[in-house]
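Working notes, structure below.
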Amino acid sequence: MSKARAKCTVTHASEVFSMTLRTYVIRRLILIIPTFFLVSIIIFVLIHLAPGDPVRAMFVGRPVSPEVVDRIRHELGIDQPIYTQYLLWLGRLLRADFGYSYIYRRPVVDLVGERIPLTLELMLIANGVSLVVAVFLGVLAAVKQYSITDVLSSLAALIGYSIPNFWIALLAMAFLSVQLGIFPVSGVQTMGMKFASPFHALYDHLLHLVLPTSILVLGWTAYLFRIVRSAMLDVLMQDYIVTARAKGLRERIVIYKHALRNVMLPVVTYTGYSIGYLLAGAAVIEYIFSWPGLGQFWVSSAAQRDYPTLMGISVITALMVLVANLCTDVAYALVDPRIRYD
Amino acid sequence: MVSRSQEKSALARAKREVHKPSRATRLFITWRKLRKSVLAVIGFGIVLTVAVGSLLAPIIAPYDIQWSGASRRPPSMENFFGTDNRGRDMLSLVIYGARISLYVGLGAVLIEIFFGLTIGMIAGYFGGLIDEILMRISDVVLTLPQLMLLLLAVSMFRVRGLHVIVIVMGALGWPLMARVVRSEFLSLRETTYVEAAKSVGATSWRIIIRHILPNILSTIVVLATMDIPWYIFYEATLTFLGFGDPSSPSWGVLLQQGYLYTMSSWWIITFPGLALFLTSLGFNLFGDGLRNALDVKVRE
């Protein structure tokens with residue numbers, strides 16, 4: 001009887017929970033609209049911060065006839081007053097028109113779409129590996145605080161945190177790829193690999209992945225390690241851990257079952273919120289290894305001052321980050337029932 | 001309106017009761033705590049070395065940056081770090097590069113503090129709609145990839161120079177500072193000593209400047225110290241990607257110009273990168289130590 005009642009209250013509670021969760025998700029979705037509006041303003045302002053007009057900036061150091069400049073200015077609407085320009089641009093964005101690249105002579109959406117899978121591949125692998133390594137080392141370091149393991153791994157994390165990733169990338173490329181020839185120098189695939197057997201092509205592709213991912217893993221592991229370690233230290237001091245130990249549970253169960261769950265919460269949210277930071281870190285590595293992903297595209301468009309493309313990529317990237325943040329928030333709400341929906 | 005002297009005496013009474021140590025003593029206590037941590041001392045040592053090195057660059061550097069000898073000469077007694085592809089002395093370039101990095105770090109951080117303080121205090125003081133709008137903006141700037149925003153802003157400038165990078169970085173770096181200032185401001189506003197100051201008739205400005213600001217100071221210092229290596233790193237990244245002034249000896253520029261010669265002359269990219277790494281390690285160690293010594297709770 002009491003068991004049945006308990007069950008009843010539980011279903012009731014979960015119904016309330018899912019209701020509030022639904023309203024929470026809907027509210028967060030609606031909130032994306034003003035946020036997106038703000039994002040578009042920030043991007044627009046940043047692009048127009050520089051004095052002079054962007055079309056002239058596009059052609060710095062390149063001979064171009066004034067008629068062409070005038071035509072492009074007119075096509076992009078730069079001959080209009082600034083607020084009209086913004087509204088026109090916003091209108092195009094709302095119709096999912098992210099602009100047209102003058103360098104590639106193709107719509108920006110297509111260009112970005114081709115590059116996203118490669119960036120995702122790099123980021124997912126690097127992020128997955130560093131998450132596993134960081135959690136493993138972080139837990140080990142926190143459980144044996146001030147031990148040799150802790151001191152050494154903390155020191156390593158500090159070094160990994162401070163080392164400029166592009167410098168390590170250059171050194172690795174020079175010595176491991178060019179000098180020793182262990183890894184391919186750059187790109188995604190060796191030329192002609194399209195015609196090789198699928199197994200061979202996959203092996204070749206993985207070989208190309210090793211250096212860029214390892215360098216990303218180095219930095220992110222260091223970053224995540226510090227978070228895992230401090231979160232674990234916090235959790236280990238809490239009463240429920242003392243209770244678990246007092247009950248006579250084995251230390252391994254206390255740590256990996258009781259403590260780790262609460263540590264994973266901040267770790268996963270940190271990862272979710274740092275998508276933007278991770279993307280930016282990957283950009284330089286993509287550029288160095290000629291990995292034709294989103295980041296490399298940012299850098300090359302900025303270098304060529306491909307102004308419509310830059311605006312387009314920025315908005316698409318911003319949207320990706322906003323959606324990733326929303327997913328993180330919802331995942332957090334799902335995992336942690338204590339969260340308040342406000 | 002209560003006179004300033006009355007306010008002073010009321011505060012002096014309050015101070016006698018709590019025995020708050022003087023500013024010099026507090027500084028000494030902080031230093032003593034800092035000294036206990038070996039890593040923090042190492043960090044401080046590195047930061048000090050970089051600072052002294054960059055201040056005394058013309059005296060310390062063995063050659064002028066205009067000097068040029070045989071190109072790509074390996075490290076030797078004449079050129080400790082070798083020479084680069086244009087025959088310039090790498091050691092001198094790296095020393096002069098420290099000047100740029102330090103200028104970038106401090107310059108951007110000062111701009112960040114200015115914006116962060118102003119915006120944080122406005123948001124905390126006025127509250128309501130203004131607070132809401134400012135915090136939404138700071139949220140958005142925080143979530144967007146910093147490097148993307150920097151590339152966006154810097155690439156459109158026709159002049160490629162250091163000042164543009166510093167100003168843009170500082171102007172984009174304020175959100176976290178503003179958030180922290182705002183939340184500290186909100187919690188300090190409710191404290192009894194602010195209430196006491198208010199009750200003796202101190203003006204809002206006086207409360208902000210004399211009573212609230214000194215208490216936020218340690219948080220600001222810690223936050224700023226921890227941001228300096230990021231600015232140095234971003235400047236090096238941007239200049240490495242080619243958005244800097246190619247004639248300056250910035251470490252990022254040196255890396256960009258050297259990396260084509262990595263194969264035949266390892267020293268060209270090794271030393272500027274090492275300098276960048278050590279400087280950022282120094283600031284990170286020092287910032288961590290300072291955070292622990294001042295017992296400030298900011299992001300990990």
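The values are calculated or read from the model by the stated rules, or taken from the named source; none is laboratory data. All of these numbers come straight from a predicted model, not from anything done at the bench. So basically every Cβ, Gly included, is an ideal-geometry build from the backbone, and we count neighbours across all protein chains shown.
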Problem set entry | Unique match (being within 30 Å of A:Gln189 (Cα to Cα), part of a helix (DSSP H, G or I) and in contact (Cβ under 8 Å) with a residue 24 or more places away in the chain) among A:Thr269, A:Thr328, A:Thr317 | A:Thr317
Problem set entry | Selection within region B:242-271 - under 20 Å from the mean Cα position of the chain (by Cα) and assigned to a helix (DSSP H, G or I) | B:Trp251, B:Gly252
For this session: Kindly provide the set of residues from region B:224-249 that are away from every other protein chain (no Cβ under 14 Å) and either touching a Lys or Arg at 6+ places or on another chain (Cβ under 9 Å) or without any contact (Cβ under 8 Å) to a residue 60 or more places away in the chain (or both), ordered by number.
Result: B:Asp245, B:Ser247, B:Pro249
For this session: Output yes when any residue across region B:219-241 is in a loop (DSSP other than H, G, I, E, B) and buried (at least 23 other Cβ atoms within 10 Å of the Cβ), and no when none is.
Result: yes
Seminar exercise, completed: For region A:239-259 the number of residues that are surrounded by fewer than 17 Cβ atoms within 10 Å (Cβ to Cβ) and either among the hydrophobic types (A, V, I, L, M, F, W, C) or under 32 Å from the mean Cα position of the chain (by Cα) (or both) is 6
Problem set entry | Answer residue from region A:160-171, given it is touching a residue at least 60 places away in the same chain (Cβ under 8 Å) and at the interface with chain B (Cβ under 7 Å from one of its Cβ atoms) and is farthest from B:Ser264 (Cα to Cα) among those | A:Tyr161
Exercise. Is it true that some residue in region A:175-190 is within 24 Å of B:Tyr234 (Cβ to Cβ), modelled with pLDDT under 90 and surrounded by fewer than 17 Cβ atoms within 10 Å (Cβ to Cβ)?
Worked result: yes
For this session: Considering every residue within region B:108-118, establish whether at least one is charged (D, E, K, R) and either surrounded by 17 or more Cβ atoms within 10 Å (Cβ to Cβ) or without any contact (Cβ under 8 Å) to a residue 24 or more places away in the chain (or both).
Result: yes
Seminar exercise, completed: Of the candidates B:Glu190, B:Glu184, B:Glu195, the one satisfying the condition of being free of Cβ contacts under 8 Å to residues at least 24 places away in the same chain, closer than 26 Å to B:Arg136 by Cα and either surrounded by fewer than 23 Cβ atoms within 10 Å (Cβ to Cβ) or hydroxyl-bearing (Ser, Thr, Tyr) (or both) is B:Glu190
Problem set entry | Selection status of B:Met77, surrounded by 19 or more Cβ atoms within 10 Å (Cβ to Cβ) and within 17 Å of B:Phe271 (Cα to Cα) | no
Exercise. Which one of these does A:Glu286 not meet: (1) of a type outside the set (A, V, I, L, M, F, W, C); (2) within 11 Å of chain B (Cβ to nearest Cβ); (3) touching a residue at least 40 places away in the same chain (Cβ under 8 Å); (4) in a helix (DSSP H, G or I)?
Worked result: (2)
Exercise. Which of the residues spanning region B:121-133 are surrounded by 22 or more Cβ atoms within 10 Å (Cβ to Cβ) and either within 10 Å of another protein chain (Cβ to nearest Cβ) or at pLDDT below 90 (or both)?
Worked result: B:Gly124
Seminar exercise, completed: Pairs returned, first residue in region B:257-270 that is facing another protein chain (nearest Cβ under 9 Å), second residue that is modelled with pLDDT under 80 and part of a loop (DSSP other than H, G, I, E, B), beta-carbon separation under 8 angstrom, 6 or more apart or interchain, are B:Ile269/B:Thr262
Seminar exercise, completed: Quick count over region B:177-224, residues being among the acidic types (Asp, Glu) and more than 15 Å from B:Gly124 (Cα to Cα), is 1
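Results for (1) aliphatic (A, V, I, L, M); (2) in contact with a helix residue (DSSP H, G or I) (Cβ under 7 Å, 6 or more places away or on another chain); (3) modelled with pLDDT of 85 or more, shown as yes or no for each residue.
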residue: B:Ala197; (1), (2), (3): yes, yes, yes
residue: B:Trp230; (1), (2), (3): no, no, yes
residue: B:Thr237; (1), (2), (3): no, yes, yes
residue: B:Val253; (1), (2), (3): yes, yes, yes
residue: B:Gly258; (1), (2), (3): no, yes, yes
residue: B:Ile269; (1), (2), (3): yes, yes, yes
Exercise. Among (1) over 21 Å from B:Ser204 (Cβ atoms); (2) buried (at least 20 other Cβ atoms within 10 Å of the Cβ), which single condition is B:Arg136 missing?
Worked result: (2)
Exercise. Does B:Pro58 fit the bill of being closer than 19 Å to B:Thr270 by Cα, surrounded by fewer than 18 Cβ atoms within 10 Å (Cβ to Cβ) and at pLDDT 85 or above?
Worked result: no
Exercise. How many residues does region A:263-283 contain that are facing another protein chain (nearest Cβ under 9 Å) and under 9 Å from the mean Cα position of the chain (by Cα)?
Worked result: 8
Problem set entry | Those residues of region B:155-186 which are facing chain A (nearest Cβ under 8 Å) and in contact with a Lys or Arg (Cβ under 9 Å, 6 or more places away or on another chain), in sequence order | B:Ser155, B:Met156, B:Arg158
Problem set entry | Exclusive hit being within 14 Å of chain B (Cβ to nearest Cβ) and hydrophobic (A, V, I, L, M, F, W, C), set A:Val132, A:Val188, A:Val112, A:Val139 | A:Val112
Exercise. Being in a helix (DSSP H, G or I), free of Cβ contacts under 8 Å to residues at least 60 places away in the same chain, of a type outside the set (S, T, N, Q) and at the interface with chain B (Cβ under 8 Å from one of its Cβ atoms), is that true of even one residue in region A:302-310?
Worked result: yes
